[in-house]
Amino acid sequence: MAAPTVKVVPSEVEVSNELCQLVVSSANAAIKERGVFTFGVSGGSAAKFLCNGLPQASTDWSKWRVFFCDERLVPFSDPECTYAYYKANLLSKVPIPEEHFYALNPNLSVEDAADDYEKKLRTVFPDGIPRFDVLSLGMGPDGHTCSLFPGHQLLKETEKMYAPISDSPKPPPQRVTLTFPVINNAACCVFASCGAGKADIVQQVLEDKSDEPLPAARVRPTNGEVVWILDKPAAGKLQASL
Ligand SMILES: O=C(O)[C@H](O)[C@@H](O)[C@H](O)[C@H](O)COP(=O)(O)O
């Protein structure tokens, strides 16, 4: 796998613009080539970046198929619900058919919700390991991505495409997350991180040489690319080589 591409821009506004430009150009290329764009979205600040920038995009929204990289198992009315955030801030502004923005079923147990979500994934990827065109990822201050946390047994999951977690160190505790076999089969994994508070972990992940890499450092698509879009403060600890 090629080394990650690292793009440093002055501030959060440019991070949002760069992220959305990458997503939309990938989408239009995929739609031109295959007639569909498969996209995984995250919660946290990535959701804010995408919802700020995507409504202005020029694309065929009917060809987008959007899943969560991870999602919390909470009612849609819960402010922690990432689907509710995208529904209010993106789906209300662009004509992605609701049935093409796949939500968890919050009325199920976390195990059943993961199984049910895998069935939805299979409607788009009928067999084999799904290959998303783009996964938009965030990274927590501990180096987690999706809902894959340092030292968690889910880092070793190789059978499930979506796995349940009930002990997320980041609340809320119950979530459904993509696993590494799918993440590392994507064509493009793009991280977007902002703020000086992420500078240490960004350096640790990008210059991670440990034999137990942090989850975000394990994102290495076998036949794809990893792109990091950082604002200056988040890139503050990276070597001058940038
Ligand atoms: O739903 C979630 O909680 C996210 O998917 C999570 O994995 C997030 O991406 C990271 O925690 C980074 O979040 P920030 O960018 O907001 O720090």
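Remarks
- Selection from Asn28, His152, Asn107, by position along the positive dipole direction of the chain (Cβ): Asn28
- Taking label points 7 Å from Cα along the Cα-to-Cβ direction, Asp115 and Ala29 give a separation of 3.9 nm.
- Working ranking of peptides 96-107, 211-222 by packing, defined as the average number of other Cβ atoms within 10 Å per residue, highest first, is 211-222, 96-107.
- Charge dipole magnitude, Cβ of K and R +1, D and E -1 - the chain, Cα centre, debye nearest 20: 480 debye
- Inter-site label distance for Ala196 and Val13 at 7 Å from Cα along Cβ, in nm: 2.1 nm
- What a 1.4 Å probe finds exposed on the chain is 52% carbon and sulfur by accessible area, rounded to a whole percent.
- Taking max minus min of the alpha-carbon positions on each principal axis, region 1-158 gives extents of 39, 35, 35 Å, largest first.
- Links that overshoot a 32 Å alpha carbon limit, given the list Lys7/Lys32; Lys87/Lys237; Lys160/Lys232; Lys119/Lys237; Lys119/Lys156: Lys87/Lys237; Lys160/Lys232; Lys119/Lys237
- Applying a length cut-off of 20 Å (Cα extent along the axis) and a mean Kyte-Doolittle floor of -0.5 to the DSSP H helices of the chain leaves 12-34.
- Rough spin-label spacing in nm, given labels placed 7 Å along Cα→Cβ, for Ser77 and Lys170: 2.7 nm
- Estimated Rh, region 85-242: Kirkwood, alpha-carbon pairs, angstrom: 16.9 Å
- Shown in residue order for region 65-75 are the 3J(HN,Hα) couplings computed by the Karplus curve 6.51 cos²θ - 1.76 cosθ + 1.60 at θ = phi - 60°: 10, 10, 10, 8, 5, 7, 8, 7, 8, 9, x Hz (x for Gly and Pro).
- Length-normalised contact order of the chain in % [C-alpha pairs under 8 Å, at least 6 apart]: 25 percent
- Taking amide H atoms as placed 1.01 Å from N in the peptide plane, the amide H of Val227 lies under 5 Å from those of Thr5, Cys189, Val190, Phe191, each 5 or more residues away in sequence or on another chain.
- Entry comment: accessible area of region 87-212 is 43 Å² per residue, from protein heavy atoms only and a probe of 1.4 Å.
- The chain: antiparallel DSSP beta bridges as a percent of all, rounded to 5: 25 percent
- Residue-averaged [θ]222 nm for the chain, counting only DSSP H segments that reach four residues, each worth -39500 (n - 2.57): -8000 deg cm²/dmol
The values are calculated or read from the model by the stated rules, or taken from the named source; none is laboratory data. As the structure is a prediction and not an experimental result, all values here were calculated from the model. As a convention, Cβ positions derive from the backbone with ideal geometry for all residues, glycine included, and neighbour counts pool all protein chains shown. Protein only, heavy atoms only, side chains kept; ligands, DNA and RNA dropped before computing areas. Shrake-Rupley method; radii C 1.70, N 1.55, O 1.52, S 1.80 Å.
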